[in-house]
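Structure record follows, encoded as structure tokens.
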Amino acid sequence: MIEALNLVKWFGPILAVNDVTFTVERGEVLGFLGPNGAGKSTTMRMITGFLPPSSGTVRIDGHDVVDDPIPARENVGYLPENAPGYPEMTVTGFLNFVAEVHGLGGQDKRDAVGRVVEMCHLRPVLHQPIDTLSKGYRHRTCFAQSILPDPPILVLDEPTDGLDPNQKREVRDLIREMGKEKAIILSTHILEEVDAVCSRVIIIDNGQLVCNGTPDELRKRAPGAGSVTVGIYDHKAGEIKDVFSGLKGVKRVDVLGEHNGAVQVKVYPVRQDGNPLELGPVLANVMKERGMVFGEFHTEKGRLEEVFYDVTRAEQEVASDTEKVSNNVG
Ligand SMILES: Nc1ncnc2c1ncn2[C@@H]1O[C@H](COP(=O)(O)OP(=O)(O)O)[C@@H](O)[C@H]1O
Ligand SMILES: [Mg+2]
């Protein structure tokens with residue numbers, strides 16, 4: 001549904017987006033992650049046709065956004081970053097206006113407006129001017145606007161920014177629900193959001209794509225992923241370390257110290273094709289053979305936060321060594 005091919009955007013001397021390629025299929029919610037100034041909003045503006053790329057191509061359902069803009073843009077609902085408003089309009093006035101812009105009239109218009117008012121819980125503020133709304137309601141009004149024509153594709157720039165925890169949850173539920181039928185791309189810097197709603201994640205940093213995978217695939221890239229923490233009774237730290245270190249698939253053993261009367265160690269797996277080997281069964285076996293009694297036994301899944309830190313920090317170090325200009329605004 002969305003194809004972004006080799007997208008590049010220069011703002012004068014600033015390279016905001018540097019050769020970004022990805023696709024989004026129907027039924028996918030793609031999370032677009034990255035630090036502030038990474039190029040998320042710029043990429044989204046190019047996808048929606050609001051900003052021409054310096055080079056590269058965007059196709060929406062096969063239509064080139066630049067050469068064939070009308071069919072391309074008709075299919076896309078867009079929630080921009082700083083949702084522009086029509087401050088003096090009431091919520092209902094605004095939504096009716098948006099419906100008319102999309103060529104809806106009569107019963108179709110009433111149905112479409114009624115549907116988004118329900119989905120976004122706007123009933124209590126229908127007759128209030130937009131500039132008197134709380135941030136949460138204003139945001140949801142904009143969100144309602146972007147989904148009003150029920151487009152098959154949604155591009156949502158930080159859709160939960162500025163919402164309270166309950167509102168965040170409602171918006172996430174809504175996105176997850178809509179994601180079953182649509183192709184959705186959303187930007188965020190909230191990692192838990194990615195876990196909650198996204199079927200796939202890309203991380204962009206300094207305008208470049210540094211990661212692309214499912215949340216689980218990404219998690220496996222975390223330095224601690226697959227490591228096992230185990231607490232063993234009645235054995236010396238040195239002995240435990242020797243036994244575990246000699247096992248196939250074990251890369252390193254750290255002794256963490258004494259914990260509740262047990263020696264606590266952390267065992268790191270060898271990686272194969274970037275994925276950690278599974279250590280649980282190997283360790284369980286050897287402990288059984290040697291009569292080692294253990295208290296805790298915990299395998300780390302890996303945290304997105306670690307991966308995010310790892311890939312975006314590495315990029316910054318590279319960038320600081322080059323002439324590349326970036327991150328100086330926003
Ligand atoms: N209109 C613009 N003119 C000049 N520089 C811009 C403009 N829009 C964005 N930038 C720059 O492009 C880079 C990427 O910005 P942006 O896409 O907004 O990042 P993000 O949304 O990931 O925080 C930043 O360095 C930002 O300062
Ligand atoms: Mg942004």
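Coordinate-derived values only; no laboratory data. For clarity, every value in this text was computed on a predicted model and none was experimentally measured. Please note: Cβ atoms are built from the backbone with ideal geometry, for glycine as well, and neighbour counts cover all protein chains shown.
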Along Cα→Cβ, 7 Å out, is where each label goes; now give me the distance between the ones at Glu88 and Arg252 in nm to one decimal. 6.5
Which lysines have a Cα less than 25 Å from the Cα of Lys266, not counting those fewer than 8 places away in the same chain? Lys220, Lys236, Lys241, Lys248, Lys251, Lys288, Lys301
Separation between the Lys135 and Lys288 pseudo-spin-labels, each 7 Å from Cα along Cα→Cβ, expressed in nm? 5.5
Estimated distance in nm for a label pair at Asp67 and Asp173, the labels positioned 7 Å out from Cα along Cα-to-Cβ: 4.5
Show me the chymotrypsin sites (Phe, Trp or Tyr not before Pro) within region 12-60 that DSSP assigns to loop and that have at most 16 other Cβ atoms within 10 Å of their Cβ. Phe50
Taking region 1-67, which GluC sites (Glu not before Pro) meet the DSSP loop condition and have no more than 16 other C-beta atoms within 10 Å? Glu25
Express the relative contact order of region 2-220 as a whole percentage, based on alpha carbon pairs under 8 Å and six or more residues apart in sequence. 30
Diffusion coefficient, µm² s⁻¹, Stokes-Einstein with Kirkwood Rh over alpha-carbon pairs of region 1-95 at 4 °C and 1.567 mPa s: 89
Which FRET efficiency value, to the nearest 0.05, is calculated for Phe50 and Glu100 with the Förster distance at 25 angstrom and r the Cβ-Cβ distance? 0.75
When the helices in the chain are scored as -39500 (n - 2.57) per DSSP H run of 4 or longer and the sum is shared across all residues, what 222 nm value do you end up with, to the nearest 500 deg cm²/dmol? -10500 deg cm²/dmol
Helix 135-147 vs. the chain, principal-axis angle (Cα, 0 to 90°, nearest 10): 70
Percent antiparallel among DSSP beta bridges confined to the chain, nearest 5, equals 70
What is the extension gain from Asp273 to Lys301, computed as 0.36 nm multiplied by their sequence separation minus the C-alpha to C-alpha distance, in nm to one decimal? 8.4 nm
The alpha-carbon center of region 254-312 and that of region 230-248 are separated, in whole Å, by 12
Given N residues in the chain, what is its alpha carbon radius of gyration divided by 2.2 N^0.38 Å? 1.24
Are there trypsin sites (Lys or Arg not before Pro) in region 245-280 that DSSP marks as loop and that have at most 10 other Cβ atoms within 10 Å, and which are they? Lys248
Cross-link candidates for Lys182: which lysines have Cα within less than 22 Å, leaving aside residues fewer than 8 places away along the same chain? Lys40, Lys109, Lys168
